[in-house]
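Novice: Have a look at this one before I ask anything.
The values are calculated or read from the model by the stated rules, or taken from the named source; none is laboratory data. Just so it is clear, the structure is predicted and the values come from calculations on it, not from any experiment. No Cβ is skipped: glycine too gets one built from the backbone with ideal geometry, and neighbour counts run over all protein chains shown.
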Amino acid sequence: MPQFAFEYLEGGCNSEINLRRNTEEIREIQLRPRYLRDFAGSDLRTELFGKTYDAPFGVSPIGLQGLMWPGATEILARAAHDHNIPFILSTVATASIETVAEITEGNAWFQLYHPTEVELRDKLLDRASEAGMPVLVILADTPTFAWRPKEIRNGLSIPPQMSLRNVIQMTTHPSWSFGQLMAGAPEFKTMKPYIPKGLNMKHLGLFMNKTFSGRLNPEKIKAIRDRWKGKLVVKGVVHEEDAEIALNLGVDGMIVSNHGGRQLDAGQSTIQPLTALAKEFGDRTTIMIDSGLRAGPDVACALASGAKFAFMGRSFMYGVGALGRSGGDHTISMLKRQLQQVMEQVGCEKVADLPKHLAS
């Protein structure tokens, strides 16, 4: 990847303290093996919202995937479908709802950035429903745009700017540049029908900034719950009071997340609220986690701490950036094998039994 694209993927906000804290604190979790008993082998299959997946992790929603690697959204959607794990499509990804639904045979989830206008919200919900997507994820952890110095330096802030420095980087990365030439310039494909034609980069950025209102409240969630007939998940819940509000509004699950450490440097790591929320609400709803997980052992530690399912974003994009079209398949296969090895080592036969191996 050119440096500006890699730093968009890799970077966090402010001094990137929470970005590092996420992974570091997950890796402070310790597991206890059971060696001296019969062991029939490990099974990664996990049931979630009535569907059995082949592994207890999925692909997080990632915006602008096609900027980081041409066709990345389609590559990861196809790999996730082939491996029978969930793929969550972001509102601001570079493939449309309809394209991803076709690739995944209607099994992808859709993540909604809440629009300012109710009419646009309803159009997006209707498209996701008509495409057969079974789960809607509404985003709570991005009420405002964070200060991300790398994105500002690279011209990827709002409004975006393409600098001479970026152009030089593109010319020195021919595989990426040729791929972009073949795929076409990255676009917000789901949003394309609603974007006025002929906008330059500056005005497109201003339009997108004006179109979305990131802050959720009970009224917005209730309106979505009333309209959406499938499963409803709130992503970004880290506080017990927010969890109680969401449950009272009829959501089916929550993803504990801090947007990959890209929003609040002074915030907790995800494993801290995950542990607390799983203890208090784990028997009432489906608690999942996103942000900070990079490898199979991280998934094992998160599941042992009370998560029913885990989502990752950067890990899959690293794979695509390294290996292109085979990157999604390779990364999913690697993560599954890593997780299975951990379960075999500690003597855990089922994913649901991982909490029994948590060291106190």
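Novice: When region 314-329 is examined, which residues are found to be within 16 Å of Gly71 (Cα to Cα) and surrounded by fewer than 24 Cβ atoms within 10 Å (Cβ to Cβ)?
Specialist: Arg314, Tyr318, Gly321, Ala322, Leu323, Gly324, Arg325, Ser326, Gly327, Asp329
Novice: Please verify whether region 177-185 includes one or more residues that are assigned to a loop (DSSP other than H, G, I, E, B) and either of a type in the set (Lys, Arg) or closer than 26 Å to Ile97 by Cβ (or both).
Specialist: yes
Novice: Conditions first: (1) modelled with pLDDT of 95 or more; (2) within 28 Å of Ala243 (Cβ to Cβ); (3) crowded, with 21+ Cβ neighbours inside 10 Å. Pro134 passes all but one, so which condition is the exception?
Specialist: The single condition Pro134 does not satisfy is (3).
Novice: Check Ala101, Ala77 and return the single one that is crowded, with 24+ Cβ neighbours inside 10 Å and either farther than 24 Å from His239 by Cβ or within 20 Å of the chain's Cα centre (by Cα) (or both).
Specialist: Every option except Ala77 fails the conditions.
Novice: Right, something else. Residues Ala246, Ala185, Ala223: which one is crowded, with 18+ Cβ neighbours inside 10 Å, among the small types (Gly, Ala, Ser) and out of contact with any Lys or Arg (no Cβ under 6 Å at 6 or more places or on another chain)?
Specialist: Within the list Ala246, Ala185, Ala223, the selection yields Ala246.
Novice: So which residues in region 333-349 are touching a residue at least 40 places away in the same chain (Cβ under 8 Å), under 22 Å from Ala80 (Cα atoms) and among the hydrophobic types (A, V, I, L, M, F, W, C)?
Specialist: Within region 333-349, Leu335, Leu339, Val342, Met343 meet the criteria.
Novice: Which one of the conditions (1) at pLDDT 95 or above; (2) closer than 16 Å to Asp353 by Cβ does Asp38 fail to meet, given that it meets all the rest?
Specialist: (1)
Novice: Can you give me the number of residues within region 140-161 that are of a type outside the set (D, E, K, R), under 17 Å from Leu9 (Cα atoms) and assigned to a loop (DSSP other than H, G, I, E, B)?
Specialist: The total comes to 10.
Novice: In addition: Which one of Ala310, Ala278 is among the hydrophobic types (A, V, I, L, M, F, W, C) and not in a strand (DSSP E or B)?
Specialist: Ala278
Novice: Testing Phe110 on (1) under 21 Å from Phe49 (Cβ atoms); (2) touching a residue at least 12 places away in the same chain (Cβ under 8 Å); (3) assigned to a helix (DSSP H, G or I), one condition comes back false. Which one is that?
Specialist: Every condition holds for Phe110 apart from (3).
Novice: Taking Glu244 and the conditions (1) out of contact with any strand residue (DSSP E or B) (no Cβ under 6 Å at 6 or more places or on another chain); (2) outside any loop (DSSP other than H, G, I, E, B); (3) in contact (Cβ under 8 Å) with a residue 60 or more places away in the chain, which numbered condition does it fall short on, given that it satisfies the others?
Specialist: The number of the failed condition is (3).
Novice: Identify the residue in region 260-286 that is among the aliphatic types (A, V, I, L, M) and buried (at least 24 other Cβ atoms within 10 Å of the Cβ) and, among all such residues, is nearest to Ile17 (Cα to Cα).
Specialist: Ile271
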